[in-house]
Amino acid sequence: MTKAIIHTSVLLTLLSVLFSVSRESTLQELINFAQENQYAVASGEWVVKETFSEAMLSDILANIEQANFIAINNKEQSEVLRFERKQTNNLIETVTIFTREHNNERLVIYHLSGDIKELERKPVDKKINSFIGTIYTNEKLDYACISLSQNGIIDTRYFITDLKANLQIREINRLEESNFVVITGYTEQFKQSIPIENDKMNVQIASRTGANGETTFIIGTPILTTEY
């Protein structure tokens, strides 16, 4: 009986670990959604945040250096440290470390931006995920957005309706102007969410038509991470 309990406990622990490791990032969820519905992705962003104790700073800096990030104009005793790594000319990573003196903590923010189609190359994808796994824990927060190409998109209202239908969004809020639409909602397709008043949200869709007549469409989860 005791052995059975131990074996069950070990199995549950392993399942918990496997589940946490295999959880897709918000960026991967968006990429999967675009691929499944044959939307052309023009670019994307991924932001990962977590706060660490000051005592962990030396280990974090060592991991950043080992991953071949380059320090950008960092000065001794600076309250903000910034590092950069280029996977390709069109895919750039930055790590910014902010000091939180009142709590003796450091906020570490990772930012990936550019042509995320480069992530289809396994060495690039593996390198990025390996770094994230080295620095961050299960306490991290991550946010992502993708910009969709206008190729083949004729009517803005129809396209937004199509996006909502494919995401099965429960709409919470809508801001609409003549050349600008932002929809906030919730979908079961994305795992992470954030609380808002007496509800929760995990997706935003935005479209903006510029002076040249071109319309930009952006999807973000759990919120948009770029200006729109």
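The values are calculated or read from the model by the stated rules, or taken from the named source; none is laboratory data. Fair warning: this is a prediction, and the values are worked out from it, not measured in the lab. With ideal geometry, Cβ positions are generated from the backbone for all residues, glycine too; neighbour counts draw on all protein chains shown.
Among the residues making up segment 148-172, a single one is of a type in the set (Val, Ile, Thr), modelled with pLDDT of 95 or more and not in a loop (DSSP other than H, G, I, E, B): 172.
Could you check, for segment 59-66, whether at least one of its residues is exposed (fewer than 12 other Cβ atoms within 10 Å of the Cβ) and assigned to a helix (DSSP H, G or I)?
We begin by selecting, within segment 59-66, every residue exposed (fewer than 12 other Cβ atoms within 10 Å of the Cβ); these are 62, 66.
Of the ones still in play, those that are also assigned to a helix (DSSP H, G or I) are 62, 66.
Yes: segment 59-66 contains one or more residues that are exposed (fewer than 12 other Cβ atoms within 10 Å of the Cβ) and assigned to a helix (DSSP H, G or I).
Taking segment 90-112 as the range and being under 24 Å from residue 218 (Cα atoms) and either aliphatic (A, V, I, L, M) or at pLDDT 95 or above (or both) as the test, the residues that pass are 91, 92, 93, 94, 95, 109, 110, 111, 112. Entry remark, segment 197-209: residues being exposed (fewer than 15 other Cβ atoms within 10 Å of the Cβ) and free of Cβ contacts under 8 Å to residues at least 24 places away in the same chain number 3 in total.
For every residue, the table says whether it meets (1) buried (at least 19 other Cβ atoms within 10 Å of the Cβ); (2) in contact (Cβ under 8 Å) with a residue 24 or more places away in the chain; (3) in a helix (DSSP H, G or I).
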residue: 87; (1), (2), (3): yes, yes, no
residue: 94; (1), (2), (3): no, no, no
residue: 113; (1), (2), (3): no, yes, no
residue: 126; (1), (2), (3): no, no, yes
residue: 132; (1), (2), (3): no, yes, yes
residue: 174; (1), (2), (3): no, no, no
residue: 182; (1), (2), (3): no, yes, no
residue: 189; (1), (2), (3): no, yes, no
residue: 195; (1), (2), (3): no, no, no
